[in-house]
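One structure is given below, encoded as structure tokens.
The values are calculated or read from the model by the stated rules, or taken from the named source; none is laboratory data. Everything quoted here is computed from the prediction, not taken from an experiment. Backbone-built Cβ (ideal geometry, glycine too); neighbour counts: all protein chains shown. Remember, those area values only see protein heavy atoms, side chains included, never the ligands or the DNA or RNA. Shrake-Rupley method; radii C 1.70, N 1.55, O 1.52, S 1.80 Å.
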Amino acid sequence: MYTELFETLYPINSPTKERGVVVTAVDPLTLGERAAISPGDRILKVNDHPIRDFIDFQFYTGSEDRVSLAIVDNAGETREVQVEISEGEVWGLDFKYFSPRQCANDCIFCFCNQNPQGARESLFFKDEDIRLSFLHGNYTTMSSISRMELERIVEQRLSPQYVSVHATDPQVRQYLLGRKRPDDVIAKMRFLAEHGIDLHAQIVLCPTINDGEVLFKTIADLAELHPHLSSVAIVPVVFTSLHNYRDRMTPVTPEFSRSLIESITPLQRNFRRRFQQTFVFLADEFYLRAGIPLPARGHYGRYPQIEDGVGMVRRFVSAARSVLRGNLAKRFDLKPGSLRGTVATGELFFPILSEFIEQVNSQLKTRLKTIALKNRFFGEEITVAGLVAGGDVVAARKQIEGEFLIVPEQACLKSGNTFLDDMTLSDLESQLSLRVRHGGGSLLSMLTACSE
């Protein structure tokens, strides 16, 4: 019965057109070199399986002793290559990265709808790609996922998958995602869970829309998918005056945060009894806004949702306390007063970071100053460190003291040196005429950056 319902809701799409995957580099003394594969070659098939991306290539070659490759070169010439694979041999191929699938939703809370003028082009791109979910932990709504994609997840074990649920009530979810028709996200997640795919879920909480009884129903529906669904993150909606749908939004206040924590805490205790884990986690921002102490280290387990801002502050605090219990003077061997500089962060994290920097100054006799950066790029209502732009740092130049500046690691892209407004650490150094480093994700890495 379930299968019939599923196939009615999510029919199989037409076959995907052959696109292949382009080779960008070939390591010497590898299978790729022995097969005479060259940069620019496009691999179309492996053993008659059409190849869409490097994940397909790895899957269809991963457990074979012999493969047949259909390849087209830069000149458009097609050839077939037979390759015998001995134990321990590797292909040594690099591939052109696939173009991510774009989201077709118009979510009323989407941060891409409030980017300021001058924001980098990539900030406007909304990805909705199960491959990125598997590879990097990106969240997808699965609102337009095809039966073929769901079966690919199962066949290729693209596990875990991270799902933006927001609400399991079909009408509420339809409104949140800005869709013309509702969709049954639980049916899709159940299909994956029944086939052994691990899942994580996210709820962007919008006061007056998907809180209260809607939230409790969502949590109860998701709990039925445990243990394959092992964590749910509840994060606050963030919007600015630039948002397209700001008239529909209600801000997350300290009072709302306190009420939410009070209502979710008993559920968390219940889940720890039932599942031996917290299961439903609240973003750090709720505790900071409410002025309520963060849960203990054990609350977060293995930090399954830390990239979603769940447990990041607790991990920092726990590690910082451990560092301060050690012999900092011996570790850094600094002369009193020899280290003078500024450590910058967002307004929300400022009280916590400044407390630890004061303890560092006390132990090491350093002269480090902590400053809170106002967000002028997105709007002053944005207080998290991860959304600080380079221009926001420049605007705070009168507060900066000393011989160096440490900026939040979260504000820099994965390259480690570029802010969301495309300003680099080198640009900041030129404008501020002092050394600029990002502080890493811990107090110890901040101190290491200070003493370089």
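Annotations
- Equivalent ellipsoid semi-axes - Cα gyration tensor, the chain, angstrom: 41, 32, 22
- Note that segment 26-108 presents 56 Å² accessible area per residue, ligands and nucleic acids not counted, probe 1.4 Å.
- Glu381 versus His136: modelled label distance in nm, points set 7 Å from Cα along the beta carbon direction: 2.8 nm
- Added length on full extension, which subtracts the Cα-Cα distance from 0.36 nm per residue, Asp333 to Phe125: 70.2 nm
- Debye log10 I(q)/I(0) for segment 102-149, one point scatterer per Cα, at q = 0.21, 0.22, 0.27 Å⁻¹: -0.81, -0.86, -1.10
- Helical segments meeting 27 Å axial Cα length and Kyte-Doolittle -1.0 threshold in the chain (DSSP H): 254-275
- If the chain linking Glu151 and Thr78 were pulled fully straight, counting 0.36 nm for each residue of separation and taking away their Cα-Cα distance, it would gain 23.3 nm.
- Relative contact order for the chain, counting Cα pairs under 8 Å that sit 6 or more residues apart, in percent: 9 percent
- Over segment 16-172, the alpha carbon radius of gyration divided by the compact-protein estimate 2.2 N^0.38 Å works out to 1.25.
- Cα pair distances in segment 335-452, grouped into 5 Å bins until the bin that holds the longest one, percent each: 2, 12, 25, 27, 20, 10, 3, 1, 0
- The Rg/Rh ratio for segment 242-310, using Cα coordinates for both the radius of gyration and the Kirkwood hydrodynamic radius, is 1.04.
- Relative packing of 74-83, 249-258, which averages over residues the other C-beta atoms within 10 Å, highest first: 249-258, 74-83
- Note on segment 177-288: Cα Rg divided by 2.2 N^0.38 Å, N the number of residues, gives 1.14.
- Rounded percent of accessible protein surface that carbon and sulfur make up, segment 281-362, 1.4 Å probe: 49 percent
- Calculated over segment 120-185: convex hull of Cα atoms, volume per residue (Å³): 104 Å³
- Per residue value of the accessible surface for segment 166-263 (all protein chains in place, 1.4 Å probe), Å²: 42 Å²
- Annotation: per residue accessible area for segment 302-452 equals 47 Å², rounded to a whole number [probe 1.4 Å, protein chains only].
- Bridge orientation summary for the chain: considering DSSP beta bridges with both residues in this region, about 40 percent are antiparallel.
- Segment 62-210: relative contact order in percent, alpha carbon pairs under 8 Å with at least 6 residues between: 19 percent
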